[in-house]
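Where a number appears in this text, it was derived from the coordinates with a stated rule and is not lab data. If you're wondering where the values come from, they're calculated on a predicted model, not measured in any experiment. Cβ coordinates were reconstructed from backbone atoms using ideal geometry, including for glycine residues, and neighbour counts include every protein chain displayed.
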Amino acid sequence: MSYRRIIYPSWFKCSLLGLAAFCAGLWLLFPPPLKALHHISPQILDRQGTHLAVYTVDDGLWRFHTPREDIDPRFIQALLAVEDERFWHHSGIDPLSILRAIRTLIRSGEAKSGASTLTMQLVRQIEPRKRVMSSKIIESFRALQYDLILSKTEILEHYLTHISYGGNIQGLSAASAIYFGKTPAHLTWSEIAALIALPQAPASRRPRINDQSALMSGRNKVLTRLVRQKIITEKQAQEAQQEPLNILFKSLPRSRDAALTKLSLTTGKSRPIQTSIDRQMQTRLDQKTLAYSKDWPQYLNGSALVINNPSHEIRAIRSAVRPDNDGGWIDLTTIKRSPGSTLKPFIYGLAMDEGLIDSATVLPDRPLAFDGYQPENFNRHYHGDVRVHEALRHSLNIPAVAVMQQLGAPRFEAVIENAGAEFQRSTAAHEKAGLAIALGGGAISPRDLALLYKSLANSGVSTPLKIIKGGLVDEKKTVLSSKASDEITQILRFAPSPNGRVPHWLKTRAHGVAYKTGTSYGFRDAWAVGYTPEWTVVVWIGRPDGGAMPGQTGRNMAAPLMFDIFESLPGQNIGTGYRKDKVPAKGLTKLIKTQPQETGPKFEFPQDGATVFVRSRTKGVQIILSDQDKAAQLYVNSMALTRQGKQWIWHPPAAGFYDIKAISPKGEIMKVTVRVNFTTV
């Protein structure tokens, strides 16, 4: 059998080549605007999956991503029956619909039947043009492009995301939420028909508060057509037509919290972001913080975090307690500030793990110098020798610095940073700056402080905080041993309660809150951090500009709010792992970097480490020894003090620290160190 070779004329080959080149050129010169398809309103959901915060896109439109699996299948069936019966089979344009529209135009003289497919309607929504013949040609070309690039399911989802539902509402999900207060998975036949009819004439059928007649008329027409196409029965149509359209015009939640706003802008996801936030807990936190801060001046602000310890999740957050005050749009939970005394528990805990101390170890609380660094207690009062549990409960500075000196600031910083917290050291690079970490030198954010305290409730193990629900399990880091964490927790649970608050261990129903406060140098930051087995709460209050708040401390400013927040949290049990506090019967009794205890005459006044307030330089200070030591000789800073009759009256020349030494006739010596302040009160 012989085959005849077909030879095409050159002009035909050139025409085909030219047509192909023309189409390729059009494609390259006019690529489809696929980026616009993903311009979606950020949606932040709570842990239960309901809207927590929703934001419009740049042009002020509500436009939610609408995945097919989240839509009632009946809606899709009805939509395609009404708008595009051959959607799954055509290639973006439907030749049969075009022929039908041309035939109708010829017979009646006017266009009564449209030929636009869902794909062409999507093109028109993304790139609006005048309704002329040239626009139809461009829409057809774009529809072919979309059909070649996207799957049918993707085209359908983009259509249901971008189609107009009147005003600034676009997409089925936004329309369902605003008009009916529900998701597209739970629509009635009446609502399905209304949401199919509305995009056909969004301007005229858009519901008004007192006029929904146009939308109801369009709905009834859609129901009639669905009966004709045997999608629903006559009875279903009648019931749907009799059903009133309960248009809610529901407002969508728009959070002013900077943390949620930042989350919506940085994730880059078109699908809703499900967070770990508990709506009820968030509402209670909002109420507590707003009520507490109602009289704050404009320059003052704060932040608060509630962490669920077992799951490591942020369950409630106030990145700015007062959104209208200075710094209201800053996420203050991520800003690094001086931690005050809030890192002291970790200094002691790490020293316990290193074997340097235990809770019964005796530490010095008297004026001491550490390689030229001479810290002071917050109230400038001193208690002589104290045990670790006393030093931590009362937040004494000298013992903490003494332990830090033995521990080493670099070692401490390494443990903190290994736990996942970012610690910013002060600019001074010498060892003095390292020791100052014990008293608030450096800076840390409320979130990182929450991460550290959460580890105390989790047997010393740290895991990063989570605000996105689910995800991979993060690597665990050990901050302290379980034993050290338990010891620190016992101490902090019996820290003195704020003024006016009954100690929690005297209440029948109360959290067993282990807590610590902190005040930075110059009264710039007030902190309170507390935890139970289940919850960790962090409160920071201060000026966003770093200014001072004279007289405001973590104890009187932040602690009351922290306890108010704890009272609103679920679960009132103290929980296992927290046993009744007791001082160990046996323990180390060594002193860190101090001289052996001296024996000799006993001072009745002043006591070692006391602060003496002198009202008059002429009156002076009376020094009193015990009865059996009245024959001793006194020296102040090595200068002999002359007895005046039966009394020793000392006239300090200036404010400051003084060493007072008493020497008995037997040569026994006792020395006390006191601080002198002059006052007119």
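The stretch between THR283 and LYS152, if pulled fully straight at 0.36 nm per residue, gains 43.0 nm over its current Cα-Cα span. One decimal place: the segment LEU356-GLU243 gains 32.9 nm when fully extended, by the rule 0.36 nm per residue minus the C-alpha distance.
Only lysine pairs 8 or more places apart, or on different chains, with alpha-carbon atoms under 24 angstrom apart are counted in the stretch 155-251, and they number 4.
Residue by residue, the stretch 165-170 carries 3J(HN,Hα) couplings of 10, x, x, 9, 9, 10 Hz when phi is fed to the Karplus relation 6.51 cos²θ - 1.76 cosθ + 1.60 (θ = phi - 60°); x denotes Gly or Pro. Counting only aspartates and glutamates at least 8 places from LYS483 when in the same chain, those with an alpha carbon closer than 17 Å to its own are ASP353, GLU354, ASP358, ASP581.
Lysine pair count for the stretch 603-678 with Cα-Cα distance under 20 Å and sequence separation of 8 or more or different chains is 7. The Rg/Rh ratio of the stretch 603-678, with both radii computed over alpha carbons and Rh defined as the Kirkwood radius, is 0.93. Around the amide H of VAL386, modelled in the peptide plane, lie the amide H atoms of LEU363, ASP365, all under 5 Å away and 5 or more residues distant in sequence or on another chain. Database remark: amide H of ASP94 closer than 5 angstrom to the amide H of THR117 (H placed geometrically; neighbours at sequence offset of 5 or more, or on other chains; Pro and chain starts carry no H). Label sites at HIS381 and ILE137, each approximated as a point 7 angstrom past Cα along Cα to Cβ, lie 9.2 nm apart. In this structure, the amide hydrogen of PHE605, modeled 1.01 Å from its nitrogen in the peptide plane, lies closer than 5 angstrom to those of ILE624, counting only residues at least 5 positions away or on a different chain. The phi torsions of the stretch 660-672, fed into the Karplus equation with coefficients 6.51, -1.76 and 1.60 and a -60° offset, translate into couplings of 10, 10, 10, 10, 6, x, 7, x, 6, 10, 9, 10, 10 Hz, rounded to whole numbers, with Gly and Pro shown as x. Please list 3J(HN,Hα) in residue order for the stretch 148-162, calculated via the Karplus relation 6.51 cos²θ - 1.76 cosθ + 1.60 where θ = phi - 60°; whole Hz, with x for glycine and proline. Per-residue couplings from phi come out as 6, 8, 9, 6, 4, 5, 5, 4, 4, 5, 5, 4, 6, 8, 9 Hz.
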